[in-house]
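Data first, discussion second: the structure below is written as structure tokens.
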Amino acid sequence: MAADVSLLLHRAGFGPTSAELAAARTVGYAATVAALTAPTAPDLGAPQAPLPELGPDPFARLRAPTLAQRAKADEERRQQTKRITLWWLDRLTVATHQTREKLWFFWHGHWATSVRKVIRPQLMLTQHKSLRSSFDFGVMAHRMISDPALIYWLDGQLNTRTAPNENLGRELLELFMLGIGRYTERDVKEAGRALTGWKIDYDGGRAHLSPASHDGGRKTILGVTQEFDAHSLVDFLLRQEDCSVFVAERLWFRYASSTEPIPRSTRDAMVRAFPDSMSMLRKLFEDDAFQATAGGLVKQPTEWFVGALRQLGLRPAKLSDDMQTYCLNGLDRLGQLVFAPPSVEGWPAGADWLTVGGAQVRLNLAGRIAQLVPVGRLTPEGVAHLLAVDTWTNRTYTAMKGTTDPQRLLTLGLASPEYLVT
């Protein structure tokens with residue numbers, strides 16, 4: 001099977017421009033994989049979207065607030081949340097190191113934490129910066145287990161020696177580090193005990209361990225008994241073979257196929273690269289099994305939206321206030337806003353994105369985006385080139401040939417199955 005550079009670029013990033021696709025075809029598949037997963041040049045686009053400075057939480061300066069003060073502070077929080085959401089979408093659009101940005105986006109969905117419960121965008125931004133600090137899964141796991149946003153999201157600040165809860169312990173085993181079926185209910189309870197005692201300094205944006213609230217006794221987890229605490233538990237889980245296998249499975253699920261299981265040989269090659277998640281991803285891209293998944297992965301709404309803006313030369317930060325609001329509302333209705341996954345399980349995948357309601361929202365949003373692009377004469381072939389689509393099916397081509405309106409042609413291309421599925 002010939003290695004498909006187009007498939008690689010669509011899966012590794014948020015949608016290649018026609019120039020990026022042409023350049024990759026010139027240098028070939030192997031060189032493109034190397035450039036994507038180990039870039040040597042600085043990211044020339046990312047500095048255009050610097051990390052925002054939010055300042056303190058508006059409630060931090062209030063003591064016994066009035067209803068009016070509370071309403072004003074709530075609105076400030078909403079505006080801060082909108083600001084970080086637009087910033088991240090903008091960063092995804094302008095960054096040239098697309099594979100790095102896509103992998104950080106993957107990890108956000110893996111350690112799924114939502115501002116809708118956490119409330120404080122400052123804590124979400126702190127978590128985001130922690131995730132960006134390393135692609136090493138071990139480093140990441142240690143930082144997340146004491147991350148104030150994740151702790152609050154899973155009620156960890158309420159987990160004490162005298163009133164233990166299992167929320168974070170269960171998700172650590174099931175969704176973050178091992179996977180379903182690789183632990184027992186006793187393991188969950190004992191992990192919950194190991195994670196007791198963490199408190200959040202909301203004004204400082206940090207979490208700290210309170211020895212008086214922590215259960216320092218011996219716990220038995222996966223058949224091993226010791227005085228586990230949060231970080232010794234993470235170290236222990238990192239040493240389990242199931243951990244590296246689970247991470248390989250999750251990368252396959254999001255980058256290759258949400259329906260077919262990962263082949264054993266592919267999994268083993270990725271596991272050997274653990275805990276470096278970028279190296280694991282490189283092993284996936286170099287595997288023949290990755291190429292065999294072409295045409296089977298549905299773009300998530302963020303992937304679809306960011307890819308469209310990249311290919312059309314648009315930026316979220318440069319849109320009008322009304323258009324920014326329209327786009328965020330559209331993504332929300334499609335079911336995916338960054339910083340706001342629907343549950344600790346993260347966002348769905350595959351056919352779950354293919355709903356009648358979602359198709360209408362996507363068509364409307366595509367139409368509004370198309371109106372922002374100054375195009376003259378346009379053909380179906382021109383739209384395919386612009387959107388880095390290899391070819392249209394007869395059905396799509398027939399529909400596109402039936403109109404001469406360039407904005408309508410572009411809308412049809414953005415809403416087409418060929419654009420939505422890679």
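One residue stands out in the range 109-139 among those that are among the β-branched types (Val, Ile, Thr) and assigned to a helix (DSSP H, G or I): the one that is surrounded by the fewest Cβ atoms within 10 Å (Cβ to Cβ), namely VAL139.
Matching residues to (1) modelled with pLDDT of 95 or more; (2) surrounded by 15 or more Cβ atoms within 10 Å (Cβ to Cβ); (3) over 25 Å from TYR419 (Cα atoms):
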residue: GLU20; (1), (2), (3): yes, yes, no
residue: THR37; (1), (2), (3): yes, yes, no
residue: GLU53; (1), (2), (3): no, no, yes
residue: ALA71; (1), (2), (3): yes, no, yes
residue: ARG77; (1), (2), (3): yes, yes, yes
residue: GLN80; (1), (2), (3): yes, yes, yes
residue: THR85; (1), (2), (3): yes, yes, no
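The criterion of being touching a strand residue (DSSP E or B) at 6+ places or on another chain (Cβ under 7 Å), farther than 20 Å from PRO16 by Cα and crowded, with 16+ Cβ neighbours inside 10 Å holds for TRP353. Would you call ALA24 modelled with pLDDT of 95 or more, surrounded by fewer than 20 Cβ atoms within 10 Å (Cβ to Cβ) and part of a helix (DSSP H, G or I)? Taking the combined requirement at face value, the residue does not satisfy it. A count restricted to the range 282-331 and to residues that are buried (at least 16 other Cβ atoms within 10 Å of the Cβ) and among the polar types (S, T, N, Q) stands at 6. Scanning the range 411-422 for residues that are surrounded by 16 or more Cβ atoms within 10 Å (Cβ to Cβ), free of Cβ contacts under 8 Å to residues at least 60 places away in the same chain and assigned to a helix (DSSP H, G or I) yields THR411, LEU412, GLY413, GLU418. Applying the criterion of being part of a loop (DSSP other than H, G, I, E, B) and over 23 Å from THR225 (Cβ atoms) to the residues of the range 180-210, the residue that is modelled with the lowest pLDDT is ASP203.
Here GLY197 meets the list (1) of a type in the set (Gly, Ala, Ser); (2) farther than 29 Å from GLU303 by Cβ; (3) touching an Asp or Glu at 6+ places or on another chain (Cβ under 7 Å) almost entirely, failing just condition (3). When the range 381-409 is filtered for residues that are farther than 21 Å from VAL5 by Cβ, in contact (Cβ under 8 Å) with a residue 24 or more places away in the chain and in contact with a Leu (Cβ under 7 Å, 6 or more places away or on another chain), the ones remaining, listed by number, are PRO406, LEU409. Whenever a residue of the range 223-249 is within 19 Å of LEU168 (Cα to Cα), its partners that are among the charged types (D, E, K, R) and exposed (fewer than 13 other Cβ atoms within 10 Å of the Cβ), lying with C-beta atoms within less than 9 angstrom and at least six residues away or across chains, give the pairs GLU227/ARG218; PHE228/ARG218. Residues in the range 366-388 that are surrounded by fewer than 21 Cβ atoms within 10 Å (Cβ to Cβ) and β-branched (Val, Ile, Thr) were compared, and the one that is farthest from ASP90 (Cα to Cα) is THR379. Scanning the range 137-161 for residues that are of a type in the set (Lys, Arg) and closer than 23 Å to LEU251 by Cα yields a single hit, ARG143.
Residues in the range 309-326 that are assigned to a loop (DSSP other than H, G, I, E, B) and either among the basic types (Lys, Arg) or modelled with pLDDT under 95 (or both): ARG315 only.
Restricting to the range 375-399, name every residue that is over 31 Å from the mean Cα position of the chain (by Cα), of a type outside the set (Ser, Thr, Tyr) and assigned to a loop (DSSP other than H, G, I, E, B). Answer for the range 375-399, where residues must be over 31 Å from the mean Cα position of the chain (by Cα), of a type outside the set (Ser, Thr, Tyr) and assigned to a loop (DSSP other than H, G, I, E, B): VAL375, GLY376, ARG377, LEU378.
Of all residues in the range 363-422, exactly one satisfies the criterion of being among the basic types (Lys, Arg) and within 24 Å of ALA294 (Cα to Cα), namely ARG395.
State the number of residues belonging to the range 35-76 that are in contact (Cβ under 8 Å) with a residue 24 or more places away in the chain and under 22 Å from the mean Cα position of the chain (by Cα). Qualifying residue count, the range 35-76: 13. Inspect all residues belonging to the range 205-219 and state whether any of them is closer than 15 Å to LEU158 by Cβ, surrounded by 18 or more Cβ atoms within 10 Å (Cβ to Cβ), of a type outside the set (Val, Ile, Thr) and within 27 Å of the chain's Cα centre (by Cα). Yes, the conditions are met somewhere in the range 205-219. Being charged (D, E, K, R) and surrounded by fewer than 21 Cβ atoms within 10 Å (Cβ to Cβ) holds for only one residue in GLU166, GLU190, and it is GLU166.
Could you tell me whether LEU363 is at pLDDT 95 or above, in contact with a helix residue (DSSP H, G or I) (Cβ under 9 Å, 6 or more places away or on another chain) and surrounded by 15 or more Cβ atoms within 10 Å (Cβ to Cβ)?
no
The values are calculated or read from the model by the stated rules, or taken from the named source; none is laboratory data. Treat the numbers as computed from the prediction; the structure is a model and nothing was measured. A quick note on method: Cβ atoms are made from the backbone with ideal geometry, for glycine too, and the neighbour counts reach across all protein chains shown.
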